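Asker: Below: one structure in structure tokens.
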Amino acid sequence: MKISIFLLSFSIVYASKYPNFTNYELENIEKGSGYIAKNRIVDYAKTLELLKTLPKQEQLLRVNFYLNQLPTKLDIVNYNQSDYWSTPKEFLTCGYGDCEDYAIIKYFTLLKLGFSKEKLFITTSYEKYTGRQHMVLSYFELENKPPLILDSLSYKILDLEKRVDLKLQIFINQTGAYKIDENNALVKVGDVPEKFKELMKKVEAES
């Protein structure tokens, strides 16, 4: 029952083409966070309008490039928490984010542009050369092919086989948690993680 309610909530958010900002929200953001924050949000909306008519591959490249230009800031500095998942509205208003925030906003931005939600996964990973945990967005363009990786640390979009620096761990979306096998097929290993549920509750409240 809980899963059904969650999927219904996600469908409502998905159908609303989130994130959208009302004029009232923009006025409050300008008052609270300044005109730079408001201009950043307006520019985001204008950019997406320009991307709507482009081919999917071009949309991927431009979304990754555009959002990677937002400056980074660790969660502990930004929110005084060690692991905080910002909604796209929070990220755009604040203007700073950690690796998971880039993956999340790219996820919702591509949904807004019409990408299939069944092909997009927020993905936990391990950086082999630094030993750090990292998060990226995976896009399974073709079945049983390595996913394309949208990474806040790279303006290039490469498939997983070429990302020898990353070890992908868990693939997360509205249907659950997955791993991939040697044939690049997704294998479900768990239900929707609590962190993702919490994110979706915040997104729903903002929609």
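A short reminder: the numbers here are calculations on the coordinates, not readings from a lab. Owing to the predicted nature of the structure, the values given are computational and were not obtained by experimental measurement. Cβ: placed from backbone, ideal geometry, glycine included. Neighbour counts: every protein chain shown.
Asker: For the range 160-207, which residues satisfy the criterion of being surrounded by 19 or more Cβ atoms within 10 Å (Cβ to Cβ) and among the basic types (Lys, Arg)?
Answerer: Scanning the range 160-207 gives a single hit, ARG163.
Asker: Of the conditions (1) within 18 Å of GLU206 (Cβ to Cβ); (2) within 15 Å of the chain's Cα centre (by Cα), TYR79 clears all except one; give me its number.
Answerer: The failed condition is (2).
Asker: Output the residues belonging to the range 17-45 that are part of a helix (DSSP H, G or I) and among the hydroxyl-bearing types (Ser, Thr, Tyr).
Answerer: Passing the criteria: TYR24, SER33, TYR35, TYR44.
Asker: Quick check on the range 78-120: of everything there that is among the acidic types (Asp, Glu) and buried (at least 22 other Cβ atoms within 10 Å of the Cβ), which residue is farthest from TYR178 (Cα to Cα)?
Answerer: ASP98
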